[in-house]
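Below is one structure; the comments refer to it alone.
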Amino acid sequence: MRSFRKELWFNVPTRRAFINITPQVDECLRESGVREGFVLVNAMHITASVFINDDESGLHHDYEVWLEKLAPHEPVSQYRHNGYEDNADAHLKRQVMGREVVVAITDGRLDFGTWEQIFYGEFDGGRKKRVLVKIIGE
Ligand code: ZN
């Protein structure tokens, strides 16, 4: 069995963003040489997400509006978590959008459903953060 591990780094200048990281995960898959197996992709920070959905700008806008309704950033005083920090909303948004995804690898390719793409969701940007890519298979 082959095993491959790589960290992808991000430094998003804005507080929130959605970034399609499918090309980077594809590159990891090529580097790994795995033809049949699984890839796990997870955010290594508790204010960022990795999720799968459509790469469609209207949908990404809808996420932003929906998440701000669920967990508005301001007023920051509404959250008990915000003592020295102001990112309670980012923790909540990450919880909703998820920590990780697992994708099957079939015949050397990411075995996606229709329109599926992998995204990094940033909810408290302005600093360096990591995403783990772990691939196992043969
Ligand atoms: Zn926090």
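The figures follow:
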{"quantity": "Options 89, 111, 55: the member that is free of Cβ contacts under 8 Å to residues at least 40 places away in the same chain and within 16 Å of residue 21 (Cα to Cα)", "calculated": "111"}
{"quantity": "Enumeration of residues in segment 25-52 that are surrounded by fewer than 17 Cβ atoms within 10 Å (Cβ to Cβ) and either touching a strand residue (DSSP E or B) at 6+ places or on another chain (Cβ under 8 Å) or under 10 Å from residue 135 (Cα atoms) (or both)", "calculated": "26, 31, 33, 35, 36, 38, 40, 44"}
{"quantity": "Subset of segment 68-107 (residues that are surrounded by 15 or more Cβ atoms within 10 Å (Cβ to Cβ) and of a type in the set (Val, Ile, Thr))", "calculated": "96, 101, 103, 105"}
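Every number here is computed from the coordinates shown, using simple stated rules; none is lab data. Remember, predicted model here, so these are calculated numbers, not experimental data. Every residue, glycine among them, receives a Cβ derived from its backbone with ideal geometry; neighbour counts consider all protein chains shown.
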